[in-house]
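The values are calculated or read from the model by the stated rules, or taken from the named source; none is laboratory data. Bear in mind that the values here come from a model prediction, so they are computed numbers and not experimental data. We place every Cβ from the backbone using ideal geometry, glycine too, and count neighbours over all the protein chains shown.
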Amino acid sequence: MCGRFTLAKPPDALTRHFALPRHAAAAAPRYNIAPSQAVSAVRTIPDGSDREMVDLSWGLLPFWSRDPKGMRTINARAETIAAKPAFREPFRKRRCLIPADGFYEWQWLGKRKQPWYIHRADGELFAFGGLWDRWRDPATGDCIESCAIVTTAPNPLIAPVHDRMPLILAPADYEAWLSPLASDPSPLLKPFPADLLRMHRVGTGVGSPANNTPECTAPLPADSPPAG
């Protein structure tokens, strides 16, 4: 799964990387983005002619849901994405890119969990493949726009730590993922190459969303004991 990630790059880097027509809004660096929080997402505008960056609530609320306070899903498994009722229409029509520069996974060590921080080997931005939806209150007309991050089987780097990883898309695939005219985005549902990623152990403080500092991503000393 993917339950925490980081986005600390400046707005001009986001604007360039995602070829946005307008500058991305300035925002404070985030080192511990958690479910239910607002996340930045890139999607096509309704006529499909350009891209926009918007804030979405992390935890997909399907358009057909009766209760906006019901359970929301933060991840969508690639293997069942085209069939699950919550995901099949967003997968066809409402795909998005979720910018990040790293993410966390937790490794079970007996009864303890050791967090790891994973990022691109070159330190650059990347994008998770995401789905978004819009729920409208039938009484008031108010809308909630929300999203989920797609996950795949792990690559060989992450497999010893966790049995899932987020879908990371290569920049060359951004347009195909975003385009509502794409005939079948299923070939993009695959693990990101292991040799393009790096990871290191971090402290257990990242387990609390209240901790949102660069120290969350700081590597533990090589000779330090496992988290406990």
Could you please find all residues in the range 52-69 being closer than 18 Å to residue 7 by Cα and either touching a Lys or Arg at 6+ places or on another chain (Cβ under 9 Å) or of a type outside the set (Asp, Glu) (or both)? 52, 53, 54, 56, 57, 58, 59
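Looking at 109, 97, which one is touching a residue at least 40 places away in the same chain (Cβ under 8 Å), buried (at least 23 other Cβ atoms within 10 Å of the Cβ) and not β-branched (Val, Ile, Thr)?
Just one listed residue meets the conditions, 97.
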Quick one: which of 227, 182 is farther than 22 Å from residue 127 by Cα, at pLDDT below 95 and not basic (Lys, Arg)? 227
Test residue 148 against the criterion of being at pLDDT below 95, surrounded by 16 or more Cβ atoms within 10 Å (Cβ to Cβ) and aliphatic (A, V, I, L, M), and give yes or no. no
Filter result for residue 81 (among the hydrophobic types (A, V, I, L, M, F, W, C), under 18 Å from the mean Cα position of the chain (by Cα), within 22 Å of residue 173 (Cα to Cα) and assigned to a loop (DSSP other than H, G, I, E, B)): yes
Any residue that is assigned to a strand (DSSP E or B) and either surrounded by fewer than 21 Cβ atoms within 10 Å (Cβ to Cβ) or of a type in the set (Val, Ile, Thr) (or both) - is there at least one of those in the range 177-195? no
Only one of these is among the hydrophobic types (A, V, I, L, M, F, W, C) and more than 18 Å from the chain's Cα centre (by Cα): 109, 125, 131, 97. Name it. 109
For residue 157, work out the one condition from (1) under 16 Å from the mean Cα position of the chain (by Cα); (2) surrounded by 14 or more Cβ atoms within 10 Å (Cβ to Cβ) it doesn't fulfil. (1)
